[in-house]
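Below is one structure, written out as structure tokens, with a few remarks after it.
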Amino acid sequence: MDALLTTRRRLLLGALGTLALAGCGRPRGETNLLHFAGDTMGTRYSVKLAGGFDEARAGALREAVHAALDGVDRRMSAYRADSELSAFNRAQAAAPFALSAELYAVFAAAQAVSRASDGAFDVTVAPLVDTWGFGPPQGRATRSVPPPARVQAQRPAVGYRALRLDEPTRSAIKLREGLRADLGGIAKGYGVDLAARALEADGVHDYMIEAGGEVRVSGRHADGRPWRIGIERPDAWPPRAQYIVPLAGGAMATSGDYRIYFEQDGKRYSHEIDPASGFPIDHRLCSVTVVAGDCMRADALATALIVLGPERGWALAQAQGLAAYFIERDADGGLRDRATPAFAALGGTRA
């Protein structure tokens, strides 16, 4: 198995800092496979490249991946006071805020998924994320259930319709005071896409890139087979695969309620916040995986579907013809899964 999609990650983008490119080299028995890994955006990343590479080219490719991921972190991290996103979050309402091409692209993609999901995916959810203690350290509350009045006090600042984008000037306007963006459900996927783009610009077309639950692949493994991507079984420890999907192209992302959460009075409160209620999701759907052409869209759609829940999320996936895989908890504490026709057509198998 080439990668295991897991939701073990921070909700928001962590400080990237210096990438520790650990694990560089070729795994034993895979002499035609270059593998390197490291830390990025509060999680781990892993890259596998099929083909022969001398040391000089291998080093250049590692640097290209580093630059792609580092650029996303510098622009879109909520953990860095000097990031472009942090500057946007500090800006006042009503005045246009000029965006880089990269941040504008992420905002535009986010707004498209927000419209398609009727706001289930909403990057303006940041005030609620902080209220529940899942935000950056500088704004993080103790992870406990906040008073309902505190939750309700943040809701007026939340709403994707209050974020207006202007393409000709590549700017964003806040229509509400206090509006802030959280890109934890989309920017890491965008980073994976940029890393893939960097590899392809250097002529690499057989690769697998994984970063904290988001994967993009192209071509074939060194053994000639499609890349085999595992979807994590919720609540399993140690982590293991529930389902394995062969992919020769495209991207896959998983959102789940089982890695970042706290418990209080016997109830689990996940980092997946429903913008409509202001509270963490509260239904039996615990994991959603989406396969799409790019990782940014797969990332955002997986979040939207898990927020919508087992009925509305499934209906949206069916209506839009998405390749989606749902895992739900049943009344007895077991798990059951179901796949949309587009996902079933990928030819995966249960692990």
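Each value in this text was obtained by applying a stated rule to the coordinates, not by laboratory testing. Predicted model, so just to flag it, every value in this text is computed and none were measured. For neighbour counting, all protein chains shown are included, and Cβ atoms are generated from backbone atoms with ideal geometry for every residue, glycine included.
Would you mind calculating the gained length between Glu167 and Ser144 on full extension (0.36 nm times residue separation, minus the Cα-Cα distance), in nm to one decimal?
Details: separation 23, 0.36 × 23 = 8.28 nm, distance 4.01 nm.
Between Glu167 and Ser144, full extension yields 4.3 nm more.
Of all beta bridges DSSP finds with both residues in the chain, what is the antiparallel percent, to the nearest 5?
Details: 60 of 63 bridges.
Antiparallel bridges: around 95 percent, rounded to the nearest 5.
Can you tell me the dipole magnitude for segment 89-174 around its Cα centre, using point charges on the Cβ only (Lys, Arg +1; Asp, Glu -1), in Debye to the nearest 20? Write down the numbers at each step before the final one.
On the way: 10 positive and 6 negative charges, 59 e Å.
About 280 debye.
Using a simple spin-label model with points 7 Å from Cα along the Cα→Cβ vector, what separation in nm is obtained for Arg225 and Ala248?
With each label point 7 Å from Cα toward Cβ, the separation is 1.5 nm.
Could you check the spin-label model distance between Arg176 and Phe279? Points 7 Å from the Cα along Cα→Cβ, value in nm.
For Arg176 paired with Phe279, the spin-label model returns 1.9 nm.
Report, in deg cm²/dmol and to the nearest 500, the calculated mean residue ellipticity at 222 nm for the chain, where each DSSP H run with n ≥ 4 adds -39500 (n - 2.57) and the sum is divided by the residue count. Don't skip to the answer; put the middle values down first.
Numbers: 8 runs with 102 residues, N = 351.
One gets -9000 deg cm²/dmol as the mean residue ellipticity at 222 nm.
In what order do Lys48, Lys267 fall by count of nearby beta-carbon atoms within 10 Å, going from fewest to most? Walk me through the numbers before you get to the answer.
Numbers: Lys48 23, Lys267 11.
By the 10 Å Cβ count, ascending: Lys267, Lys48.
Roughly speaking, what is the stretch gain from Ala67 to Arg115, that is 0.36 nm per residue apart minus the C-alpha to C-alpha distance, in nm to one decimal? Before the final figure, lay out each step's value.
On the way: separation 48, 0.36 × 48 = 17.28 nm, distance 3.17 nm.
Length difference between fully extended and current span is 14.1 nm.
Taking the Cβ of each residue in Arg312, Arg216 as the centre, tally the other Cβ atoms inside 10 Å and list the residues starting with the fewest.
Arg312, Arg216
Find how much the distance from Tyr261 to Ala345 grows on full extension, using 0.36 nm per residue of separation minus their present alpha carbon separation; answer in nm with one decimal. Let's see the in-between values first.
Numbers: separation 84, 0.36 × 84 = 30.24 nm, distance 3.29 nm.
Additional length available on full extension: 26.9 nm.
Distance between Cα centroids, segment 193-244 to segment 68-125: provide it in whole Å.
If you average the Cα positions of each part, the centres end up 26 Å apart.
Once both labels are modelled 7 Å past Cα along the beta-carbon direction, what's the Ala101-His35 spacing in nm?
With each label placed 7 Å out from Cα toward Cβ, I get 3.6 nm.
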